[in-house]
Amino acid sequence: MSFIKNNPTGNPKAMHMEAAGLKALSDLIQQLKLAIHIPKVISVDDQQLSLERIVSRKATQAQWQLLGDQLAVMHKARQQTFGYTDDNYIGLNPQKNGLFEDWGRFFYQQRLLFQCQLIKDPHIRAELQDTLSNLQTPLINWLNELYSLPSLLHGDLWSGNVLFSEDKIWLIDPAVYWGDAEADIAMTELFGGFPKAFYGAYHAQLPRSAQYPIKKICYNLYHYLNHYNLFGHGYLAACRNHLNQLSNALT
């Protein structure tokens, strides 16, 4: 049996982009012999992505712990550069990539600024872009001082994109790119967080940086901007709040 995902974007390349992201994760997981699974791509075309069907159930604590441990191993596998070779999607919005040696510039330009440029309301777009513009130099410099190595990121790592079957852990719906591993961890905390067993196992392999509380604000600002662009006014206060916290911390 297969699971059919229809293309909701209007872009005929979108399903191919998602299939490529699944393959990137699968290739690295197989190379590292990790106990994480990616659903097999059965077929893909401009309209549909056909995937191996997963019969999911509630995770055990041991499975959450194993996910944390194995994700940290994946994140420790050093990649060559920041960004990604191809653009893809974060939910229903385009995700702009490109190859960068400069992590700060990549995240500022291709993540935060790009999402601000997608805002339809001209007054809110101008307001948020003005605040972000004042952060450009300090934010880029700060991120460049802190990064350790580029990791392959899932990119959209919330609880809805992690599934558990009887004996396997699955990652689905990626928005892959190469970046700071703590961007994935920040995303896990966006909607209530993963269980403590996950973080304990993850940080035993990759300890949390001293700057993580501010990095989390920065990295999750991207997702709040994306949610505002996708779902509307309910996320605007979080966008403003995160921008103000970054401004207070860095300027």
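Screening ASP173 against (1) at negative phi; (2) outside any strand (DSSP E or B); (3) not hydroxyl-bearing (Ser, Thr, Tyr) leaves a single unmet condition, (1).
Matching residues to (1) modelled with pLDDT of 95 or more; (2) in contact with a Ser or Thr (Cβ under 9 Å, 6 or more places away or on another chain):
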position: MET1; (1), (2): no, no
position: ASN11; (1), (2): yes, no
position: GLU18; (1), (2): yes, no
position: ALA24; (1), (2): yes, no
position: GLN30; (1), (2): yes, no
position: ARG53; (1), (2): yes, yes
position: ASP69; (1), (2): yes, no
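For region 196-212, the criterion of being assigned to a helix (DSSP H, G or I), under 14 Å from the mean Cα position of the chain (by Cα) and buried (at least 19 other Cβ atoms within 10 Å of the Cβ) is met by none of the residues.
If you check ALA175, ALA181, which single one turns out to be of a type in the set (Gly, Ala, Ser), touching a Ser or Thr at 6+ places or on another chain (Cβ under 8 Å) and crowded, with 20+ Cβ neighbours inside 10 Å? ALA181 is the lone residue from the list that is of a type in the set (Gly, Ala, Ser), touching a Ser or Thr at 6+ places or on another chain (Cβ under 8 Å) and crowded, with 20+ Cβ neighbours inside 10 Å. Inside region 42-68, residues that are under 19 Å from GLY160 (Cα atoms) and either in a helix (DSSP H, G or I) or of a type outside the set (Ser, Thr, Tyr) (or both) make up a count of 17.
Applying the condition of being surrounded by fewer than 19 Cβ atoms within 10 Å (Cβ to Cβ) and of a type in the set (Val, Ile, Thr) to region 42-72 and asking which residue is nearest to the chain's Cα centre (by Cα) yields ILE54.
Determine if region 98-115 includes at least one residue that is within 17 Å of the chain's Cα centre (by Cα), assigned to a helix (DSSP H, G or I) and among the small types (Gly, Ala, Ser). Checked region 98-115: at least one residue is within 17 Å of the chain's Cα centre (by Cα), assigned to a helix (DSSP H, G or I) and among the small types (Gly, Ala, Ser).
Selection of region 1-23 for residues being more than 27 Å from GLU166 (Cβ to Cβ) and in a strand (DSSP E or B) yields only ASN6.
Would you point out which residue out of GLN30, GLN48 is over 13 Å from TRP178 (Cβ atoms) and free of Cβ contacts under 8 Å to residues at least 40 places away in the same chain? Before you say what the answer is, go through the steps one by one.
Working: GLN48 fails: free of Cβ contacts under 8 Å to residues at least 40 places away in the same chain.
Within the list GLN30, GLN48, the selection yields GLN30.
Of all the numbered requirements in (1) of a type in the set (Gly, Ala, Ser); (2) in contact with a Lys or Arg (Cβ under 9 Å, 6 or more places away or on another chain); (3) not in a helix (DSSP H, G or I), SER26 misses one, and that requirement is (3). Entry remark, region 73-91: residues being part of a loop (DSSP other than H, G, I, E, B), touching a Ser or Thr at 6+ places or on another chain (Cβ under 9 Å) and surrounded by 14 or more Cβ atoms within 10 Å (Cβ to Cβ) number 3 in total.
Would you check if there is a residue in region 177-194 being within 19 Å of LYS58 (Cβ to Cβ), in a helix (DSSP H, G or I), modelled with pLDDT of 95 or more and not charged (D, E, K, R)?
Step one: list which residues in region 177-194 are within 19 Å of LYS58 (Cβ to Cβ), which gives 188, 191-194.
If we keep only those that are in a helix (DSSP H, G or I) too, we end up with 188.
Keeping just the survivors that are modelled with pLDDT of 95 or more gives 188.
Now restrict to residues that are not charged (D, E, K, R): 188.
Looking through region 177-194, at least one residue is within 19 Å of LYS58 (Cβ to Cβ), in a helix (DSSP H, G or I), modelled with pLDDT of 95 or more and not charged (D, E, K, R).
Any residue at all in region 126-149 that's within 20 Å of HIS37 (Cβ to Cβ), of a type outside the set (D, E, K, R), touching a residue at least 24 places away in the same chain (Cβ under 8 Å) and surrounded by 15 or more Cβ atoms within 10 Å (Cβ to Cβ)? Checked region 126-149: no residue is within 20 Å of HIS37 (Cβ to Cβ), of a type outside the set (D, E, K, R), touching a residue at least 24 places away in the same chain (Cβ under 8 Å) and surrounded by 15 or more Cβ atoms within 10 Å (Cβ to Cβ).
The values are calculated or read from the model by the stated rules, or taken from the named source; none is laboratory data. Everything numeric here is computed off the predicted structure, so don't read it as measured data. Every residue, glycine among them, receives a Cβ derived from its backbone with ideal geometry; neighbour counts consider all protein chains shown.
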